[in-house]
Amino acid sequence: MNAFQKAGAGTTILPPPRFLAMQTGVELVFSLRHDDKTCPVLQVVSARNGEGVTTVAWDLALVAAGPVGLRVLLVAVEPSGSWPGQLFQDSPYGARVAQTRQLGETRLHVAQLEAGDTPAAWLSSLQSWREWFDFIVLDAPALERSAAGVLLAADVDASLLVVAAEKTPLDEVRTLRDRLRGAGGHVQGTVLNQ
């Protein structure tokens, strides 16, 4: 997150993804690009805190905004960590678009959905953002902390589950998957992390 580099004339260069293989990221991004009329929204979520959701979400956003060349919005849903606040204070910005911040002259923007907002307000923001961006990645809180991912499941195109390999009990992963599906969501796949 602090790896943004200046590249002359005030432009900013996006860093490469830290953990996600470039080809895997590209394939995942294109698996969601179902048509050119709507902006796909991918939610990245886990059952427990500390499973690596933020890292996976960032890596996907970097791949989509960098090599793929899409105009990308990375959204912190009910942020509890420091990344959104840190970026909103410390990073170079381009234009503000629909309550988002552009990182320098890149194709990557960031935004937040606050815990105090209603689900209807979240959906209104998502609808507005779909008009401005080519791809939206939601960094959702773990189910053990918040049901936000479940509340948003039906309004995103897909959910990607992040699971700490050999740490997270299978029943917790199944519970998350079943709750997302029960809310009308589509589970795109699972990332085994760590």
Inter-probe distance in nm under a simple model that places probes 7 Å from Cα toward Cβ, at Asp117 and Glu144: 2.7 nm
Under the Karplus curve 6.51 cos²θ - 1.76 cosθ + 1.60, θ = phi - 60°, whole-Hz ³J(HN,Hα) for the range 103-117, x wherever Gly or Pro sits: 8, x, 9, 7, 8, 9, 10, 10, 7, 9, 10, 7, 4, x, 7
Cα Rg, Dmax (largest Cα-Cα span) when computed across the range 126-194, Å: 12.7, 40
Residue order for Arg48, Arg181 - accessible surface, 1.4 angstrom probe, largest first: Arg181, Arg48
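The values are calculated or read from the model by the stated rules, or taken from the named source; none is laboratory data. In this text the structure is predicted, and so the values were computed from the model without any measurement. Backbone-built Cβ (ideal geometry, glycine too); neighbour counts: all protein chains shown. Accessible surface areas use protein heavy atoms only, side chains included; no ligands, DNA or RNA. Shrake-Rupley method; radii C 1.70, N 1.55, O 1.52, S 1.80 Å.
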